[in-house]
Structures are given as structure tokens and as C-alpha cells.
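All remarks here apply to the structure that follows.
The values are calculated or read from the model by the stated rules, or taken from the named source; none is laboratory data. Note that this is a predicted model, so its numbers are computed, not measured. Cβ placement follows ideal geometry from the backbone for every residue including glycine, while neighbour counts extend to all protein chains displayed. The protein model used for the area step is the full one, side chains on, heavy atoms only, and it has no ligands, DNA or RNA in it. Shrake-Rupley method; radii C 1.70, N 1.55, O 1.52, S 1.80 Å.
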Amino acid sequence: MSEKVEHNEQDIKTARELVIEIFQDRFQRARKKAEFEEEFMRDAEDVRDFLIDRDTRTFCIISVSFVEDILKRTFEHYWNIQGKEKRDGFFGSNGPLNTFSQRSLVAAGCGWISKESAAETALLRKIRNEFAHNHRIHSLDQEPVRSWISAIPAREEAWNQSQMSNYVHALSAASQETRYRMRLYCASMYVVGSTLARSKLIKEEPPPEFRYEKGYDGLTDIEQACIDHTIKHCFRTIGITRSSPKE
């Protein structure tokens with residue numbers, strides 16, 4: 001039997017600080033965008049450019065299908081699913097990762113998708129499927145799609161603040177359909193960024209919710225890239241263009 005040793009509050013504090021230091025080191029290793037994540041963001045730029053003037057049906061199907069594809073490619077990367085035979089085994093018609101629903105469910109089971117994101121992903125999937133299979137739906141402002149999109153956080157409102165008067169005025173002039181399209185796209189990119197960050201953090205072993213510090217600067221590079229991507233999309237959607245540098 002080992003000898004009992006007393007500890008004090010300072011010992012506890014020091015132990016906590018050491019744990020956080022370990023988490024910070026692991027987070028820093030996971031923070032930098034990986035090569036395959038860089039490829040994802042290049043694809044996201046292409047998708048955004050393609051979608052900007054498309055009809056709502058095309059916009060919703062492609063936006064959400066991009067999320068489904070990112071899930072597939074994330075599984076391929078972390079589970080080393082390479083080669084046609086192995087891909088067919090996982091993603092083929094009888095594979096466990098064949099559908100968006102299956103990929104979302106397994107990703108959530110792996111901890112790659114948080115509980116909040118899982119609910120959001122399910123709503124995105126419902127919206128995508130409704131547009132894909134119901135010819136009577138042609139707008140996000142129709143039921144049942146309106147109820148689903150209304151349940152998604154209104155991230156397009158994040159910049160609707162007094163200090164951003166140009167955005168406030170442009171957003172107020174935008175149609176409800178335009179606002180809903182912005183919301184769906186922001187949600188899609190949020191799920192992408194969150195999934196990529198969490199899957200990488202789980203691999204490096206800090207808690208998936210751990211961030212180096214609060215705010216934008218404390219996020220992983222891929223989360224920052226997805227936020228910047230959605231900002232540019234929202235600004236562009238309501239007609240706010242980049243101004244020239246001041247003399």
C-alpha cells in the first residue's frame with residue numbers, strides 16, 4: 001500500500017494548468033489547415049461562384065450536397081478509404097456510408113458532428129431532399145421548407161449591426177428568399193468547418209470543443225476559413241462589393 005500524501009489547492013491549480021498546457025500544445029498541432037482541407041476550400045470557392053445566380057432549387061441541392069461530399073471525403077481521409085474496392089465497400093449501394101443520413105449518423109457517433117450540428121445537418125438534408133423530390137417546391141418560403149429553414153440559426157444576421165450600416169441597409173432591402181438562401185449557405189459551411197475541426201481535434205486528442213482562446217483568433221484555421229467564406233458570400237449576395245484601398 002502506497003504512502004498517503006496530502007495535496008493543497010496550489011497542487012490542484014498547478015495540475016489544471018499542466019492539463020491546459022497539454023491541450024494547447026495538441027490544439028496547436030491540429031490548428032493549421034491540412035492539404036486536403038485547402039483542397040476543400042478551393043472547391044468551396046468554385047461552388048460559391050457557381051451558385052451565386054442560380055435558381056433556389058439548384059442552390060439548395062448543390063449547397064447541401066457539398067456538405068455530404070465533404071463528409072465522404074473526411075471519412076476517406078481519416079479512415080484511409082482508398083482504392084475502388086474499398087470505396088465501393090463503404091460508399092456503394094450496400095455500404096454503411098452510402099447515404100447522407102448514414103454519413104451524418106456515423107460522423108456524429110465519431111464525435112465529428114456535435115449534437116447541435118447534427119440537428120442542423122438533419123434540417124439541411126430534409127431541405128435538400130424536398131427540393132430534389134418535390135416538383136411543387138420552388139422556394140425556401142414555402143412549407144414545409146419554411147419551417148425547417150426557420151429552425152436554423154440566422155447567421156446572416158450576425159453582421160446586421162449598427163456599426164455595419166452598409167450591411168444593415170442592404171440586408172433590409174433583400175427579399176425573404178434571399179435571406180433564407182444566405183442562411184442555408186451559412187449553415188452548410190458551418191457544418192463543414194465544424195466537422196473538419198472536430199475530426200482533426202479528436203485525432204490529436206484535446207477535447208473537440210477546446211479552443212486556444214476565445215473569439216475568432218482562438219479557432220482552427222479551417223473554422224476561420226469557413227467563417228471568412230460565408231462573410232464573403234453574404235456580402236456578395238446582397239450586393240456589397242469590396243471597396244478600393246484608400247489613398
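Observations, loosely collected:
- Pairs spanning more than 23 Å between alpha-carbon atoms, out of K115/K200; K115/K232; K84/K203; K72/K232: K115/K232; K84/K203; K72/K232.
- Fraction of accessible area attributable to carbon and sulfur, the chain (%, probe 1.4 Å): 50
- H133 - accessible surface, heavy atoms, 1.4 Å probe, Å² rounded to 10: 150
- D53 versus E3: modelled label distance in nm, points set 7 Å from Cα along the beta carbon direction: 8.1
- Our summary gives the range 91-247 a relative contact order of 22 percent, counting only alpha carbon pairs under 8 angstrom and 6 or more residues apart.
- Here the range 96-127 and the range 38-94 have alpha carbon centers that stand 14 Å from each other.
- Calculated from backbone phi, Karplus (6.51, -1.76, 1.60) coupling profile of the range 178-193 in Hz, x at Gly/Pro: 5, 4, 5, 5, 4, 5, 5, 5, 4, 5, 4, 6, 5, 4, 4, x
- Working note: 222 nm ellipticity from helices only, DSSP H runs with n ≥ 4, each -39,500 (n - 2.57), summed and divided by the residues of the chain, gives -21500 deg cm²/dmol to the nearest 500.
- Hydrodynamic radius (Kirkwood) for the range 46-165, which is based on Cα pairs only, to one decimal in Å: 16.1
- Surface per residue (accessible, 1.4 Å probe) for the range 171-245, Å²: 45
- Counting 0.36 nm for each residue step from E213 to D141 and taking away their Cα separation leaves a gain of 22.1 nm.
- Relative contact order [Cα under 8 Å, 6+ residues apart], the range 27-147, whole percent: 25
- Label-point separation, I202 to L18 (7 Å along Cα→Cβ), nm: 2.9
- Just so you know, the Rg over Rh for the chain is 1.05, from Cα atoms, with Rh as the Kirkwood radius.
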